[in-house]
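This report refers to the structure that appears directly beneath it.
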Amino acid sequence: MRKFESERAKAQQSTGKTSDPTRYEYRGSLISLHPHNDSWFVAQGRTVLRTGRNGFIPEGSPYGLFVCETRMLSQYEMRIDGEELLPVALSNVNQHSWVGYYVMLPPGADPGSPDKGSGDVQAYSENTLEVRITRSASDGIHEDIDIVNYSLDSTSFELQLYFGADFASITEADSKRRRLSRPKTVRWSNEPLQKPQLVFHCKESHKYKQQGEKGKADIDRGLRIAISSNGCEARYRKGQISIPIKLNPRGKWHCCVDFVPWIEQWEFAHECLCYSFHDERSRFTRLRDQSLAKSTYFASDAEHHLKSVVTNCIRQATRDLAALRLYELDTKEGGWTCAAGLPLYVALYGRDTLSVAWQSGILSTAVLRGTLPRLAEWQGTEINDWRDEQPGRMIHEMHTDPLSVLNYIPRSRYYGATTTSVFYPVAVALLWHWTGDKEIVAPYIEPSLAALQWLEKYGDSNGDGFYDYKTRSKMGVRNQGWKDSSDAIVYPDGKQVSPAIATCEEQAFVYFAKTFFSEVLWWFDQKDESKKLYKQAKELKKRFNERFWMEDENYFAMGLDAKSRPIRTIGSDPGHCIGAGIVDDSLVKRTADRMFGPDLFTGWGFRTLSSENPAYDPFSYHRGSVWPVEHGPFSLGFARYGLYEHVERIGRAVFDAASLFQFNRLPELFSGHPRDEQHPFPAIYPNANSPQAWSASTVFSLLQSMIGVYPYAPLKMLFVDPRLPEWLPELTLENLQVGEAAVKIHFYRKENGTSDYEIQDQRGTVHVVRQPSPWSLTAHFAERIKDILTSFLPGK
């Protein structure tokens, strides 16, 4: 018996309890985790303002105003007569807006005798000067400064604003990691009849030669800080703007500060007005509202304690995806794509956005329709080793920071990932299933074929029949599978595996792509290519199960190393194999059961690496942490094979985890600590992004697996097979779109534990069939034919 099984048995004997860690509940507790306890974020599009908890940017800190991943402001502080303000209430209103209240004793006021009463009243609460700061992000930042004198005496003082800029790349915002200092100029103007204005400007050229690519790159970036106030007598000296202010009792003073950036030839169209928390005149608000109006709405009236968590989690995920939208990449047809996460990943990441696109299909196809054309636009066309580019390969990431744009590093257009190219055809297939629209899907057929052709030509370096990766760039990503940190892939003894590496999940993704896309090609009358892909997928599945299965572990190897030897390491990767359908039917339950061993399943989710591996570290990026994004695909896979108890456990774990986090927002990742009496909540990975796009989208996959929804718009059909858990006894989906139709469906759990549904509204033609998805293995052919024909009967 393996170690983890013996430990589990001992625990059960000594405690008399089951080994399910989800039994530990902390309802009614004060747990509220926030991944960025040191920071506030105000963000929209390419603009991110990150401040310290006091709402400002101290000199020498990693905070700043970042636009296109460039730190436009490295210092922003505020004082009155040299004294810092006392923050008393600070909070985001939305992701793009923020308010802070500050107080102090009015300068010149008599503090009086110390209060010796039971209240221990502070002088500034008896004679208060209030400073309220309101911030809104659009393409830049608009800030309102309101000062009110609540004392009984007049007061005079000087408002002092301190500014600095360094134009650092976001990855070098921490001065300890700075590679290069950017040159800059500073200009101040305070002409009559014009707004006082401070300008920071950086202009730089770089001649580069990198592994055969050479040329000259330029940046021309800057920030205008304009101050608007009636009768403002602002003065500037050495980074400090001073404004004299005099206020009578109950006197008020208002000032606007606009931070307007430009990036090369692109001067941002700053739109924010005063106090624009929910400004309906903003194009950002208008576009968000339009998208939400066309999306599926989720609602639940259940009384279970997790009900509010689930609904809050869904709504927060919807808002987070909208908050990460990269508006300049919107398509004319209404599609849009998003950044990967805040604060570090405000850029286009190929595999991230594809994951978000397909997982959020039940919410809307807008991200699918916005991501697919952009990735096709930048598909590889040549061999460029520095960028890890080859013809047909899909982009991995596109960054806009100075180091990337000036080509000190290859990340302005970098291709070092296998997953993007493999998942592109999958996303195309899912767009087909949701829309059934040949005109929409047709432009992505050739890019998909080119991506698969790249895989065949460049994806198997040692000719062993499995798809591996190895960087060719001197600055490339070492691991180019799902786990892309440099130390993610280890042997059972904890030592690093050197590429080329064929990970198990990448084989599964290839199988998934070829199976799904072969069906699309059949509809598009490319039947020979369709048959070819399907045959290749079938052969790959057979080879995979023979080569990767470890009988003694009841599990699949993490991958094959450069010598085609199995990497006999236990991690979360095989969950993706179940999700993609490459696992042989006879091995699915054994694999799924092994995943719930205590070395992998924490009770909050699955560790990326077994806690028994010497390299395990609960705080690592991929060596034992928990990634919410994995759990949606895992859950869909378990449902595919009829493992509904496993689906329920995954859903319970992830939504319980969401209940611990502020706003029920799942972060990029969290620690792999076990859920037990000693660990009432997991720790947070120090640099976790939150919000994170694919952590948001995985919520929709989890729900989809529980309600059993799968579209097949080409035949105007919607398959449903609900298996609601006790803690989510009902759920309603309104405006669920399948092709040109839309339905409102109420799913509910019966007293006997089974689930059913009711169609409450329908627009357009779509046949709803009570049946698992066409790719599920839980229904036989005769049952499917009966269910489909029955769905056409009157009253069905």
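The values are calculated or read from the model by the stated rules, or taken from the named source; none is laboratory data. No experiment lies behind these values; they were computed from the predicted model shown. Quick reminder, even Gly has a Cβ in these numbers, built from the backbone with ideal geometry, and neighbours come from all protein chains shown.
Which one of the conditions (1) surrounded by fewer than 21 Cβ atoms within 10 Å (Cβ to Cβ); (2) out of contact with any helix residue (DSSP H, G or I) (no Cβ under 6 Å at 6 or more places or on another chain); (3) not small (Gly, Ala, Ser) does residue 602 fail to meet, given that it meets all the rest? Here residue 602 meets the rest and fails (1). Taking the condition assigned by TED's automatic domain parsing to the domain that holds residue 425, charged (D, E, K, R) and assigned to a helix (DSSP H, G or I), does residue 563 pass? Against the criterion (assigned by TED's automatic domain parsing to the domain that holds residue 425, charged (D, E, K, R) and assigned to a helix (DSSP H, G or I)), residue 563 does not qualify. A Cβ distance below 7 Å, combined with a sequence gap of six or more or placement on separate chains, defines the contacts here; from the range 460-480, residues that are in the same structural domain as residue 390 (by TED's automatic domain parsing) reach residues that are in a loop (DSSP other than H, G, I, E, B) and of a type in the set (Phe, Trp, Tyr) in the pairs 460/466; 460/467.
Where in the range 88-190 are the strands (runs of 3 or more DSSP E), entirely inside, with at least 3 residues that are touching a strand residue (DSSP E or B) at 6+ places or on another chain (Cβ under 7 Å), surrounded by 15 or more Cβ atoms within 10 Å (Cβ to Cβ) and modelled with pLDDT of 80 or more? Full working, then the answer.
Working: elements: 97-104, 129-138, 140-149, 155-164, 185-189.
Those strands (runs of 3 or more DSSP E) span 97-104, 129-138, 140-149, 155-164.
Each residue in the range 320-345 was checked for being touching a strand residue (DSSP E or B) at 6+ places or on another chain (Cβ under 9 Å) and under 16 Å from residue 668 (Cα atoms), and 11 of them qualify.
Being closer than 27 Å to residue 599 by Cα, modelled with pLDDT of 95 or more, part of a loop (DSSP other than H, G, I, E, B) and of a type outside the set (Gly, Ala, Ser), is that true of even one residue in the range 499-514? Break it down into steps so the answer makes sense when it comes.
Initial filter on the range 499-514 (closer than 27 Å to residue 599 by Cα): 499, 501-509.
Filter once more, so that each one left must be modelled with pLDDT of 95 or more: 499, 501-509.
Next cut, part of a loop (DSSP other than H, G, I, E, B) only: 499.
Adding the requirement that they be of a type outside the set (Gly, Ala, Ser) leaves 499.
Yes, that holds for at least one residue.
Check the range 615-626 and report whether any residue there is over 24 Å from residue 513 (Cα atoms), touching a strand residue (DSSP E or B) at 6+ places or on another chain (Cβ under 7 Å) and either surrounded by fewer than 22 Cβ atoms within 10 Å (Cβ to Cβ) or aromatic (Phe, Trp, Tyr) (or both). Yes, the conditions are met somewhere in the range 615-626. Pairs needed: first member in the range 521-533, assigned by TED's automatic domain parsing to the domain that holds residue 429 and touching a residue at least 12 places away in the same chain (Cβ under 8 Å); second member anywhere, buried (at least 16 other Cβ atoms within 10 Å of the Cβ) and not in a helix (DSSP H, G or I); C-beta distance under 8 Å; at least 6 residues apart or different chains. Partner pairs satisfying both residue conditions: none exist. Quick check: anything in the range 457-478 within 18 Å of residue 379 (Cα to Cα) and assigned to a helix (DSSP H, G or I)? The answer is yes; a qualifying residue exists.
Residues that are surrounded by fewer than 24 Cβ atoms within 10 Å (Cβ to Cβ), under 17 Å from residue 547 (Cβ atoms) and touching a Pro at 6+ places or on another chain (Cβ under 7 Å) within the range 493-532 are absent altogether. Annotation: of all residues in the range 323-376 being part of a helix (DSSP H, G or I) and in contact with a His (Cβ under 8 Å, 6 or more places away or on another chain), the one that is farthest from residue 711 (Cα to Cα) is 323.
Considering (1) touching a residue at least 12 places away in the same chain (Cβ under 8 Å); (2) touching a His at 6+ places or on another chain (Cβ under 6 Å), the lone condition that residue 679 does not fulfil carries the number (1). Scanning the range 718-737 for residues that are buried (at least 21 other Cβ atoms within 10 Å of the Cβ), touching a Ser or Thr at 6+ places or on another chain (Cβ under 9 Å) and over 21 Å from residue 315 (Cα atoms) yields 719, 721. Please specify each residue of the range 429-468 satisfying the condition of being out of contact with any helix residue (DSSP H, G or I) (no Cβ under 9 Å at 6 or more places or on another chain) and among the aromatic types (Phe, Trp, Tyr). Passing the criteria: only 458.
The rows are residues; the columns are (1) under 30 Å from residue 62 (Cα atoms); (2) among the small types (Gly, Ala, Ser); (3) in the same structural domain as residue 427 (by TED's automatic domain parsing).
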site: 289; (1), (2), (3): no, no, no
site: 296; (1), (2), (3): no, no, no
site: 307; (1), (2), (3): no, no, no
site: 343; (1), (2), (3): yes, no, no
site: 346; (1), (2), (3): yes, no, no
site: 352; (1), (2), (3): yes, no, no
site: 359; (1), (2), (3): no, no, no
site: 364; (1), (2), (3): no, yes, no
site: 388; (1), (2), (3): no, no, yes
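Okay, residues lined up against (1) free of Cβ contacts under 8 Å to residues at least 12 places away in the same chain; (2) assigned by TED's automatic domain parsing to the domain that holds residue 390; (3) of a type outside the set (A, V, I, L, M, F, W, C):
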position	(1), (2), (3)
186	no, no, no
200	no, no, no
216	yes, no, yes
234	no, no, no
246	no, no, yes
262	no, no, no
267	yes, no, yes
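Does residue 646 qualify as being within 18 Å of the chain's Cα centre (by Cα), assigned to a helix (DSSP H, G or I) and surrounded by 20 or more Cβ atoms within 10 Å (Cβ to Cβ)? Judged against the criteria, residue 646 is not a match. Among the residues in the range 594-613, are any under 20 Å from the mean Cα position of the chain (by Cα) and β-branched (Val, Ile, Thr)? Yes, the range 594-613 contains at least one residue that is under 20 Å from the mean Cα position of the chain (by Cα) and β-branched (Val, Ile, Thr).
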